[in-house]
Structures are given as structure tokens and as C-alpha cells.
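Have a look at the structure below before the remarks.
The values are calculated or read from the model by the stated rules, or taken from the named source; none is laboratory data. No experiment lies behind these values; they were computed from the predicted model shown. Using ideal geometry, Cβ is built from the backbone for each residue, glycine included, and neighbour counts are taken over all protein chains shown. Just so you know, the surface numbers come from the protein's heavy atoms only, side chains and all, with ligands and any DNA or RNA stripped out. Shrake-Rupley method; radii C 1.70, N 1.55, O 1.52, S 1.80 Å.
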Amino acid sequence: MSGVLEICELGNPVLRCCAAPVNNVRQERIQNLIDNLIITASQANGVGIAAPQVGVSDRLFIIASRPTLRYPNAPLMEPTAMINPKIINHSHETIKDWEGCLSVPGIRGLVPRYQAIEIEYTNREGELCYQQLTDFVARIFQHEYDHLNGIIFVDRVESTQDLVTEVEYQKRITDFHGFR
């Protein structure tokens, strides 16, 4: 594997499987996968990507929040590999906001997510990390975490009325500056 990887789309069975834990973070295959996921997310204007989205059923994803055409108000952060991640605590408060997915092109959904989460994960150096995430970055984490459990954002919408096309979404955010 090297460079941009092919993204699996809705209907591919790997997206509905529970991913396996990564046992050896320092393994060359895992380190290469991390590099290629970072490249793939960047090239696809994504703010995150999970290994199952490229056909690899490992408990690993990248969060790479930054302003993009798809998410113009996203905060800027360095791409971070999160291996064998867990949500260890979360707020009671949930917030509904718009999500898209590289594996579900052309569709956006209004998805409820916890506003704040406390997480643990192993980084690419093999260190156990703990963090508290809020708002958009917490949303990215929860979205990518779902991919590791065979869940796609369309499974989380409360009604099919909460689904729109990407074209309609872009029109509305342009016209209404914050369409909800």
C-alpha cells in the first residue's frame, strides 16, 4: 500500500463489520496504513477516515480536522492516528449537526452526537493517550469510532427527513449561513 487508497462505499460488506484490535502498533503494515490514511483523507477533503473505509478491518482511524470545502468552519489540528480507541465517558448533552462521509458520497445527515467525550487510544508510537474532546472534533471521533463497529452515520439519523444531498446542503449553507 502506498499513497491514496480506494475508499469503500456504502454497500461494501467491510463497512458493516466490527474491526479487529491492532496488536502491534509498530508493525510496518500499520505504520504504512496510518500514512496512507492521512494522505487519503487529505486528498478526499475528509476530516477523518477509518481503516474499514479503505477495506482494512483494523481498529484504527485518523482525525484530521481542518477547514475544507465540506467543513469550512472546522478547527485546525494535526492529523492524529487513534488506534484501538475507546469512549470512556461522555456528556449527557447531545447535539444534532450535519455530517457527511467519504463512504457515502453525495449525502448529508443531521446526526445526534455527544457534545463532549473522554477517550483513550494508542498513538502511532505505542503510547496510551487520554483526551477530552468537544464539539466538532468529538463529532469526528464518534463518527469514525462508529466505522470500527460497522455503523454508518445514516444509521444514526432520527428520520429520513434528516437526510439531504450534498448539493442541497451546500446551497443551504451558502444561502442561510448555518442551516440546521
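Tabulated results
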| item | result |
| --- | --- |
| Every residue from segment 95-134 that is in contact with a strand residue (DSSP E or B) (Cβ under 8 Å, 6 or more places away or on another chain) and at positive phi | G106 |
| Count of residues meeting criterion [modelled with pLDDT of 90 or more and outside any helix (DSSP H, G or I)] in segment 160-180 | 3 |
| Test: V164 is over 20 Å from L15 (Cβ atoms) and buried (at least 17 other Cβ atoms within 10 Å of the Cβ) | yes |
| Test set (1) farther than 27 Å from V14 by Cβ; (2) touching a strand residue (DSSP E or B) at 6+ places or on another chain (Cβ under 7 Å); (3) assigned to a loop (DSSP other than H, G, I, E, B) - V157 fails condition number | (1) |
| Top-ranked residue of segment 9-43 - restricted to ones that are of a type in the set (G, A, S) and out of contact with any helix residue (DSSP H, G or I) (no Cβ under 8 Å at 6 or more places or on another chain), ranked as least open to solvent (accessible area, probe 1.4 Å) | A41 |
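Here is a yes/no grid of residues against (1) within 16 Å of the chain's Cα centre (by Cα); (2) without any contact (Cβ under 8 Å) to a residue 40 or more places away in the chain:
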position	(1), (2)
I7	yes, no
I30	no, no
N45	yes, yes
I63	yes, no
P67	yes, yes
